[in-house]
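The values are calculated or read from the model by the stated rules, or taken from the named source; none is laboratory data. Note that this is a predicted model, so its numbers are computed, not measured. In this analysis, Cβ positions are derived from the backbone assuming ideal geometry, glycine residues included, and neighbour counts consider all displayed protein chains.
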Amino acid sequence: MFTKLCRPVASISFRTVKCFCKPRQLNKYYNIIARANCSASSSFLCDKNVIFVAGLGDIGLDTSKELLKRDLKNLVILDRIDKPELVCELKELNPKTKVTFMPYDVTVPIAESKKLLKKIFDKLKCVDILINGAGILDDHKIEATIAVNYTGLVNTTTAIMDFWDIRKGGPGGILCNIGSVTGFNAITQVPVYSGSKAAVVNFTRSLAKLAHITGVTAYTVNPGITRTSLVAKFNSWLDVEPDVAELLLEHPTQSTKECAASFVKAIEKNKNGGLWFLDQGTLENIKWRKYWDPCI
Ligand SMILES: NC(=O)c1ccc[n+]([C@@H]2O[C@H](COP(=O)([O-])OP(=O)(O)OC[C@H]3O[C@@H](n4cnc5c(N)ncnc54)[C@H](O)[C@@H]3O)[C@@H](O)[C@H]2O)c1
Ligand SMILES: CCCCCCO
């Protein structure tokens, strides 16, 4: 499975390469062509167009800053947070990358998501990577948690398939979804949040297995406890543990900068089906144990 680049790069276009190469060779030539566009020391991310949902949050902002060291062509940040001063700060970081902000609430109807994405695709003509990072942590807000952390991510993902799905003539694409370590092993006192993150991990693993049909590869990045405003104080389900945040923050944590460094390294590895564990500044692709497989 090769990840298609979504636009001609360097002087040789995708079409030219496609005419002369067998599919299994294309990936090799895409990377060669992409590098022709970027300096030898550049990353997989050089010259790419990236949409980052929640790119202004605590993890999001440091990850956006880290991404801007990789000479992206475009970074389009979609977020509910509207902080022009943060966007201005990001715009100043790298003249090679155009940073754009558009307000977006992931809980809007999917038709709204498609309208917004159409504006972006009309402008950029193509998008290589979508990062879905929106999340809330408050187990008093059951419907909101599921709406933001899961339904919002699924709808945004489903919406971009109109533009990426190779069965519709799309170029394919790359999905990076922010799950959580709680998607592997719950924080028992926040079962709603943990369950929403387990759903993100499970949904994304299915998408990775469907990549041969859709042309869209997918993986999750799953931070451990990262010191952000999200985790400073939050409600447990039915108040089973009013001090859940304080108790958890006694355990080893990481900074947003450490998380961001691992986050972008995982994106650069670009592994379809990746289950990336980003804890205490480390990065590990974990093996998911198979207990049952319908084998269809
Ligand atoms: N901090 C941690 O320990 C930790 C660990 C694992 C996963 N995560 C996940 O990482 C992501 C970022 O969390 P953070 O710790 O930086 O907290 P944060 O509160 O700073 O970031 C949350 C982000 O989600 C956005 N968001 C929330 N509701 C939204 C909506 N309806 N529409 C669009 N955007 C919305 C916020 O605007 C913000 O950008 C979340 O998905 C969170 O679940 C955090
Ligand atoms: C301190 C609790 C951190 C919970 C967020 C993990 O996704």
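Brief remarks follow.
- Test result for Val244, within 11 Å of ligand 2 (Cβ to nearest atom), modelled with pLDDT under 95 and β-branched (Val, Ile, Thr): no
- Residue that is surrounded by the fewest Cβ atoms within 10 Å (Cβ to Cβ), among those in region 209-227 that are of a type in the set (Val, Ile, Thr) and under 15 Å from Lys197 (Cβ atoms): Ile225
- Residue list for region 118-147, restricted to those being within 14 Å of ligand 1 (Cβ to nearest atom), surrounded by 21 or more Cβ atoms within 10 Å (Cβ to Cβ) and among the hydrophobic types (A, V, I, L, M, F, W, C): Leu130, Ile131, Ala134, Leu137
- Spans of strands (runs of 3 or more DSSP E) in region 47-146 with at least 3 residues closer than 22 Å to Cys259 by Cβ and in contact with a strand residue (DSSP E or B) (Cβ under 7 Å, 6 or more places away or on another chain): 49-53, 74-79, 129-132
- Candidate set: region 155-187, residues that are free of Cβ contacts under 8 Å to residues at least 40 places away in the same chain and polar (S, T, N, Q); chosen: the one farthest from Cys126 (Cα to Cα): Asn185
- Within region 197-225, the set of residues being in contact with a Gly (Cβ under 6 Å, 6 or more places away or on another chain) and of a type in the set (Gly, Ala, Ser) comprises Ala198, Ala208, Gly215.
- Residues that are in contact with a Leu (Cβ under 7 Å, 6 or more places away or on another chain) and at pLDDT 95 or above do not occur anywhere in region 147-155.
- Qualifying residue in region 189-198 (condition: aliphatic (A, V, I, L, M), modelled with pLDDT of 95 or more, crowded, with 24+ Cβ neighbours inside 10 Å and more than 17 Å from Ile131 (Cα to Cα)): yes
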